[in-house]
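Everything below concerns the one structure shown next.
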Amino acid sequence: MSIIRILPEAVANKIAAGEVVERPASVVKELMENSLDAGAGRVEVAVEAGGKRRITITDDGCGMSHDDALLAFERHATSKIRTAEDLFEISTLGFRGEALPSIAAVSRLELETRHASENAGTRVEIAGGRLRDVKEIAWPQGTRIDAHDLFFNTPARRKFLKSESTELGHIATLVTHYALAHPEKSFRLVSLTSEILNVSPVATARERVYQVMGGQLLEQMVEVAPVERRMPAAFSAGPEEEAENAEPVLVRVFGFASRPEIQKLNRNQIYFFVNRRLVRDRLILHAITEAYRNILPSGMFPVALVFLEIPAAEVDVNVHPSKTEVRFRRSQFVHDLARDSVRQSLVAARPVAAFPMGKSQTSPAADMLEADVAERLSDEPPGMKGPEIPGRGPARPPQGGDDFRLSSPRPTPETGRLPLDGALSVYAPPAITVPAGIPLSAEAPLPAGTSELPADLVPLGQVQESFIVATNPEGLWIVDQHAAHERVLFERHVRQRREKMVEGQRLLMPIVVELKPSQQAVYQQIADELGANGFDVEPFGQRTIAVKSAPAEIRADDVERLLLEILDSVGEEASRLSLDDLRLKIAASVSCHAAIKINMRLEQSKMVWLLRALGDSQAPMTCPHGRPIVLRYGMKDLQKAFKRI
Ligand code: ADP
Ligand code: MG
């Protein structure tokens, strides 16, 4: 007796759905791809409960005829390829004919559509893969798909879904990136409570980056100018093939790459598009990391958006059902082209010129910094340079032409001590009133006030690997490295929270944390806010929680301490605390845990970066807990102390 049987279509669709539909964002991805393939100029995505309850996608594309609207839900039904040969030259985002049947198998779905060639539109209703209803409707040209209750019939899958905010985050990232890849189209993403993205057509990728990411990010990025290169024949698979395929094969790269002062702890912000398809590709990740070699410290990563346009025949997208991986026919060529384009743009942009140099644009300090980065940009092999010599910059005479030098202490030990209590003042300009955090209210925009920390500070070294000593023509500055980094991270976190873009990073293993009853009570009150701050936490038995993700910059072994600290610091105040104050408290704790510690040696480049980043912050003088960050010993004070005036 035979025991093997062919699975019914409904089961096969559910199996396919397992690969294609992992989470709400995958539904959004497939449906958006369909809309773009249908030539839509406008794509609108609306979600409820992070897409778990409902995802609606409306487009003004070509629409479907009555017959196609039904056929579309058959497995392997596609209008995009016909023969196996077509697989080798795919110019559409979809081609497998799996998405609609897969989504329909695990949700309750309604399709409304009309093709230009028909007068009436069609409405199809399907639940769990079963056709429920088909009727004629009045409908403008285009398509709307409404998928409710994802995984309603596969509870095991449903359990794997994350919090609503996490799922919404994935959707937002995805829509954002399709929007970046298609500047000539309009995109809108709304949840029940807010409009997350709304962009109208623009002419250039640059304008789209501005629309989507804002001016601040754009300022931190260097434009990778379009580079077009012909694939050399030598790379081709075989001579005969090249002869018959006489068309020159042109490959084009363009995009945006962050300046060296932007340093991320992971690769999550490197985005790569092949023929406008967002893909994860190790080869290109490697190419981009290579482009930053000697520019970023090892273990640090840039933000990059790289677009590659390559003839469809040169790339195989049929690698994985979710179509997020690709294979290049001539991978080495693509790798080197991506690496060289990014690197050349970084070199050409002389990234340091964008550092805020204040008014002393041409000061020797600026020149020195520029030389420093330029040197790191030059193609020297890594690790060839000796340790940085503190203060190796040109010794500048201070303003009054005085001959004072830090390197030649005067032999008067008893009187030579810095009168710390007097001259060495906590440098706190009156304009800045922290820690009340007024300028950092989580909802109000950060005021554009320029930083009070001079932009021309040159770090000389560290005291006890804890405090950075720096100079500029104004005098001597001492910066608490931990507090400085804390301030930088704090402002970034507040900003990201405001923009609902806090990154959570999945932990390799969930961390199980036991809570005291008081902590448990606080946790219940602020669980949603924690979710919006990059934590993905789930109840795990009585008074125990499992932390599955944490803010991206927090080390796994610090997650538990951080979480408990937040719960304790919020304490009994939880119900009285305004949402803004709660957000500031969380941001302060996260940044404290993520910041560079004291007793930590810093490379010269890191100190330069930190001082710049601090200078760029809104309140560079006081840490989020209210302690001073910067001390200044003015030139006058030095001269007085040495009895020169
Ligand atoms: P694929 O995209 O791989 O072809 P799908 O299951 O995603 O497979 O879609 C099946 C077919 O349904 C598509 O080939 C296309 O003809 C049609 N279709 C799907 N979505 C749309 C849409 N938004 N507008 C017009 N046609 C669509
Ligand atoms: Mg599709």
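The values are calculated or read from the model by the stated rules, or taken from the named source; none is laboratory data. Predicted model, so just to flag it, every value in this text is computed and none were measured. We place every Cβ from the backbone using ideal geometry, glycine too, and count neighbours over all the protein chains shown. Just the protein is used for accessible areas: all its heavy atoms, side chains included, with ligands, DNA and RNA removed. Shrake-Rupley method; radii C 1.70, N 1.55, O 1.52, S 1.80 Å.
Here are some notes:
- Residue within the stretch 52-62 that is farther than 17 Å from Ala25 by Cβ, more than 12 Å from ligand 2 (Cβ to nearest atom), surrounded by fewer than 17 Cβ atoms within 10 Å (Cβ to Cβ) and not basic (Lys, Arg) present: no
- Of all positions in the stretch 32-39, none carries a residue that is under 24 Å from Pro201 (Cβ atoms), open to solvent by less than 20 Å² (accessible area, probe 1.4 Å), more than 14 Å from ligand 2 (Cβ to nearest atom) and modelled with pLDDT of 95 or more.
- Leading residue by the ranking (most open to solvent (accessible area, probe 1.4 Å)) among those in the stretch 555-606 that are in contact with a strand residue (DSSP E or B) (Cβ under 8 Å, 6 or more places away or on another chain) and closer than 25 Å to Leu296 by Cα: Arg601
- Tally, over the stretch 260-276, of residues that are more than 27 Å from Ala550 (Cβ to Cβ) and either free of Cβ contacts under 8 Å to residues at least 40 places away in the same chain or open to solvent by 10 Å² or more (accessible area, probe 1.4 Å) (or both): 2
- Selected residue (criterion: modelled with the highest pLDDT) from residues of the stretch 221-238 that are over 15 Å from Val306 (Cα atoms) and in contact with a helix residue (DSSP H, G or I) (Cβ under 8 Å, 6 or more places away or on another chain): Arg229
- Qualifying residue in the stretch 63-82 (condition: within 12 Å of ligand 2 (Cβ to nearest atom), surrounded by 21 or more Cβ atoms within 10 Å (Cβ to Cβ), on the phi < 0 side of the Ramachandran plot and under 32 Å from the mean Cα position of the chain (by Cα)): no
- Check on Gln216, under 23 Å from Met300 (Cα atoms) and modelled with pLDDT under 80: yes
- Condition check for Pro155: open to solvent by 70 Å² or more (accessible area, probe 1.4 Å) and either more than 16 Å from ligand 1 (Cβ to nearest atom) or under 30 Å from Asp316 (Cβ atoms) (or both): yes
- Yes/no for Met1 being open to solvent by 30 Å² or more (accessible area, probe 1.4 Å) and near ligand 1 (Cβ under 8 Å from one of its atoms): no
- Selection count where residues are in a strand (DSSP E or B) and either touching a residue at least 40 places away in the same chain (Cβ under 8 Å) or within 15 Å of ligand 2 (Cβ to nearest atom) (or both), scope the stretch 92-120: 5
- Screening the candidates Ala116, Ala120, Ala147 for the property of being over 30 Å from Ala527 (Cβ atoms) and in contact with a helix residue (DSSP H, G or I) (Cβ under 8 Å, 6 or more places away or on another chain) yields one hit, Ala120.
- Residues that are more than 12 Å from Ile145 (Cα to Cα), buried (at least 22 other Cβ atoms within 10 Å of the Cβ) and more than 10 Å from ligand 1 (Cβ to nearest atom), drawn from the stretch 91-113: Ala105, Val106
- Hits in the stretch 121-144 (condition: outside any strand (DSSP E or B) and within 15 Å of Thr56 (Cβ to Cβ)): Trp139
- Tallying residues that are free of Cβ contacts under 8 Å to residues at least 12 places away in the same chain, over 17 Å from the mean Cα position of the chain (by Cα) and assigned to a helix (DSSP H, G or I) within the stretch 493-540 yields 2.
- Within the stretch 27-39, residues that are more than 10 Å from Ile145 (Cβ to Cβ) reach partners that are open to solvent by 20 Å² or more (accessible area, probe 1.4 Å) and more than 9 Å from ligand 2 (Cβ to nearest atom) with beta carbons closer than 6 Å, at six or more positions or on different chains, in the pairs Val28/Leu174; Lys29/Leu174; Ala38/Cys62; Gly39/Cys62.
- Unique residue being open to solvent by less than 60 Å² (accessible area, probe 1.4 Å), more than 10 Å from ligand 1 (Cβ to nearest atom), touching a Ser or Thr at 6+ places or on another chain (Cβ under 7 Å) and on the phi < 0 side of the Ramachandran plot when the list is Gly121, Gly169: Gly121
- Residues of the stretch 304-329 satisfying the condition of being part of a loop (DSSP other than H, G, I, E, B) and surrounded by fewer than 20 Cβ atoms within 10 Å (Cβ to Cβ): Pro311, Asn318, Val319, His320, Pro321, Ser322, Thr324, Glu325, Arg329
- Residue count, the stretch 485-541 (criterion: surrounded by fewer than 20 Cβ atoms within 10 Å (Cβ to Cβ) and on the phi > 0 side of the Ramachandran plot): 2
- Looking across the stretch 14-24, the residues that are away from ligand 2 (no atom under 13 Å from the Cβ) and surrounded by fewer than 24 Cβ atoms within 10 Å (Cβ to Cβ) come down to Lys14, Ile15, Gly18, Glu19, Glu22, Arg23.
- A single member of Val43, Val47 is closer than 25 Å to Glu325 by Cβ and either in contact with a Cys (Cβ under 9 Å, 6 or more places away or on another chain) or assigned to a strand (DSSP E or B) (or both), and it is Val43.
- Selection within the stretch 613-626 - modelled with pLDDT of 90 or more and open to solvent by 10 Å² or more (accessible area, probe 1.4 Å): Ala613
- So Glu503, is it at pLDDT below 90, in contact with a helix residue (DSSP H, G or I) (Cβ under 9 Å, 6 or more places away or on another chain) and of a type in the set (Asp, Glu): yes
- Odd one out for Leu87, checked against (1) crowded, with 22+ Cβ neighbours inside 10 Å; (2) within 15 Å of ligand 1 (Cβ to nearest atom): (1)
- Of the residues screened, Asp67 is not one that is under 29 Å from Glu184 (Cβ atoms), charged (D, E, K, R) and either out of contact with any helix residue (DSSP H, G or I) (no Cβ under 8 Å at 6 or more places or on another chain) or within 11 Å of ligand 1 (Cβ to nearest atom) (or both).
- Against the conditions (1) surrounded by fewer than 16 Cβ atoms within 10 Å (Cβ to Cβ); (2) basic (Lys, Arg); (3) touching a residue at least 60 places away in the same chain (Cβ under 8 Å), Arg206 satisfies every one except (3).
- Residue under evaluation Ala147, criteria (1) assigned to a strand (DSSP E or B); (2) open to solvent by 50 Å² or more (accessible area, probe 1.4 Å); (3) not β-branched (Val, Ile, Thr), criterion not met: (2)
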